[in-house]
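No lab work stands behind these numbers, since they all come straight from the coordinates. Bear in mind that the values here come from a model prediction, so they are computed numbers and not experimental data. All Cβ positions, glycine included, derive from the backbone under ideal geometry; neighbour counts span all protein chains shown.
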Amino acid sequence: MPIRRLFLLGIVFWLLAQPGAALHAELAVVVNARCGVAAMTRNEVINIFFGRSRQFFNGVEAQPVDMLDSHPDRARFYYKLLGKDLSEVNAYWSRQVFSGRGQPPVKVGSSEEVLKWVTTHPGGIGFIEASKADARVRVVLEMAH
């Protein structure tokens, strides 16, 4: 019996040592369900989030929304999208603003606020955990682990 308990205890500790599912949650780029965009490439998403493109391929004005620096999904998004950390992304936007070439996307503090922004702006585009996407938005790019 003690060996069985030790075995079960070992399994419990092993499970506790595994990284949490939330740390590995898939991110999804979502758009307003009525904007007419069904899928996007990684480069198209980069161009919109970095102000290089102002419209989707169908001519609808893109209205990107970002997360606050303090939100963990923001760092994961830019790392998965470009392999860059937030200091590099923020430095890019500082240069753009200083030179008058552009303004960064509006920032909000939660996935629910991203969903609200995307659904209330015809060209809304943002990123959230894929599991939080619902019928109000269309997933156009999934960013796996």
Under 5 Å between amide H atoms, partner at least 5 residues away or on a different chain: which partners does LYS107 have, H built in plane at 1.01 Å?
ASP66
Could you sort the peptides 27-34, 54-61, 38-45 by per-residue average Cβ neighbour count (10 Å cutoff), highest mean leading?
27-34, 38-45, 54-61
Net charge, PRO104 excluded, C-beta distance under 15 Å - Lys, Arg +1, Asp, Glu -1
+4
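Within 13 Å, Cβ to Cβ, of PHE50, how many net charges do the neighbouring residues add up to if Lys/Arg are +1 and Asp/Glu are -1?
Working: positive: ARG42, ARG52, ARG54, LYS84, ARG95, ARG101; negative: GLU44, ASP66, GLU88.
Net charge in that neighbourhood comes out at +3.
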With only Lys, Arg, Asp and Glu charged, each at its Cβ (+1 for the first two, -1 for the last two), find how big the charge dipole of segment 21-143 is about the Cα centre; round to the nearest 20 debye.
320 debye
Measure off 7 Å from each Cα along the Cα-to-Cβ vector at VAL106 and GLU88, then give the distance between these two points in nanometres to one decimal.
2.9 nm
Near the amide H of LEU27, under 5 Å away, which other amide H atoms are found, from residues 5 or more places off or on another chain, if H is placed in the peptide plane?
ALA130, MET143
